[in-house]
Each structure stands twice: as structure tokens, then as C-alpha cells.
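The numbers here are math on the coordinates, done by the rules we state, and not lab data. Bear in mind the structure is a predicted one, so any value in this text is a computation, not a measurement. Note that each Cβ is placed from the backbone with ideal geometry, even for glycine, and that neighbours are counted across all protein chains shown.
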Amino acid sequence: MCGIIGYTGPLEADNILLNGLAGLEYRGYDSAGIAYFGNDSKIHLIKTVGKVAALKELVKQESDCSSHCGIGHTRWATHGEPSDVNSHPHSGTRVTIVHNGIIENYMELKDFLISKGRTFLSDTDTEVVAQLLDYKYNGNPLETIDSVMAELKGSFALGIMFKDFPDRVFAVRRESPLIVGVAEGECFIASDVPAILQYTRDYYLLDHDEIVTLSPDGVSFVDEHLDPIEKELQTA
Ligand code: GLU
């Protein structure tokens, strides 16, 4: 089982992502990584095979990883050996994602994308989802996620960042777990509640095929028809 964390809000995102990943280490993993929006409004990736402590060292070496929005991942390899390049996050040109689970029809989707001229860096099923999101991106993240979700078979929790939306994190799940934490002016996604307990005790349970949008103004949920839904706030 891997771990997912995501954050948007006023605090330094790299600290929150690294702390969150450390809180998810008990789930087991072979590599770790983060992606964040830098001050240059670009998405930056730092990832490595090995422990969260090794990732922390790499983050320390970055001259400027000041950011208020990002996603992080501890990987339990299912498709492609544990390696730096197979570690998450994975990207297309305009989209970066972390993924927990297995995309059963990834070969068929990969063949389709290759036939459209796409090339792949890793051996993972996850990169296929990143590239498919990028291929289908129409400027509207929710429509794009919904249309990709309809093509996926298997299990997934996805944390997603679009280059055009620098303070937002999007997430969706089917089978794999994901919760959404909320506090004043900030919100989180995580595979499990303990990863965010030092920041908030208030959270929502994301249900199958629901999509959540995180922004510093709060969270909003839609179902697979993109209809807005209200959810019950839980307290840990
Ligand atoms: N199937 C993906 C991979 O092998 C995700 C594995 C996980 O849940 O960590 O990269």
C-alpha cells in the first residue's frame, strides 16, 4: 500500500508533504516523491527510490522549494521496478499526478497514446493516466478528470495538479482510500487520517468516483456526472 498526501494553504507545502509522507510510512513503500508549484508558477518534481529521509535530503538541497501547494507519494511498486524514474509523481506536459492502486487496462491505453505520438519515461501504469489526462485536457480539470476516469479499469486514488491552476489540488478515488482534511484557509488530501492529524481533525471521506477540488478557499465535491454534492464532515 502506498501513501498519498496533498496540500494547499498558507504554510510551506514541502514541510507538510514530507511530514505527511513520514506519517504514512507504516503502510510500506519503496520510493517517495513530491511535486509543488514553485514561485515561478511551474510544477517542480523531487523524487527518489528509498526512504522519506532520503527525499528530505534532496528537498533540503533545492535552493528554493518555497511553495503553498503540492502533492506527495510513497510508492509500493506494482508496475515497473522501484527506481527514481518510476517513482511518483508522474507528469504530462500540463498535468502532474500521484497514484495509489493498479490500472488494469493501462497497456491498451498506453498503446493508444503511443499511436497518438506520446512517449513515456517510466514503466508505470500511473504515467499512462498522467499522459491520458494531458491528452484529454480541455482547460476544464473536472471535465478532463471525469472523462479519463470513465476509461480507467482497476483501482485508484489520484492526487492531481494542473499547470494552469497553481493553488489547486484535485483528487478522485475508486477502491483505493482517500480522505480530505479541512482547516481555516487550508486543505489536505491523504490516504489516511493520521497523516494530517497534526494540522486538523476535520475531514471528509471521499466516496467512489467522486472528485474533490482543493483550494485555499475550501473544498468542493462533484459526483461522476459533475453534479455538486454535499458531504458530511467527520471529526477524528
Ligand atoms: N501502480 C502504481 C506503480 O506501480 C502505483 C503503486 C502504488 O500504489 O504505490 O507505480
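Structural remarks
- Per-selection Rg to Rh, the range 49-175 - Cα, Kirkwood hydrodynamic radius: 0.96
- Shape call, the chain: gyration tensor on alpha carbons, a/c limit 1.5: rounded
- Diffusion constant of the range 104-227 at 10 °C, which comes from Stokes-Einstein with the Kirkwood Cα-pair radius and 1.306 mPa s, µm²/s: 104
- Charge dipole magnitude, Cβ of K and R +1, D and E -1 - the chain, Cα centre, debye nearest 20: 560
- The residues Glu25, Glu232, Glu104, Glu127, when put in order of fewest to most other Cβ atoms within 10 Å, stand as Glu232, Glu104, Glu25, Glu127.
- Across the range 169-236, C-alpha contacts under 8 Å between residues 6 or more apart give a mean separation that, scaled by the residue count, equals a relative contact order of 33 percent.
- For the range 74-141, Kirkwood radius (reciprocal of mean inverse C-alpha pair distance, Å): 12.1
- Computed with the Debye formula from one identical point scatterer per Cα of the range 160-236, without solvent, the log10 of I(q)/I(0) at q = 0.16, 0.19 Å⁻¹ comes to -0.54, -0.77.
- The chain, relative contact order [Cα under 8 Å, separation at least 6], %: 21
- Taking other Cβ atoms within 10 Å as a rough exposure proxy, Met161, Met1 sort from fewest to most as Met1, Met161.
- Placing +1 on the Cβ of every Lys and Arg and -1 on the Cβ of every Asp and Glu, with nothing else charged, gives the range 1-90 a dipole about its Cα centre of roughly 180 debye.
- Relative contact order of the range 116-236, defined on C-alpha pairs under 8 angstrom at six or more residues apart (%): 19
- Rounded if a/c under 1.5, otherwise prolate or oblate - the range 30-106, Cα gyration tensor axes: oblate
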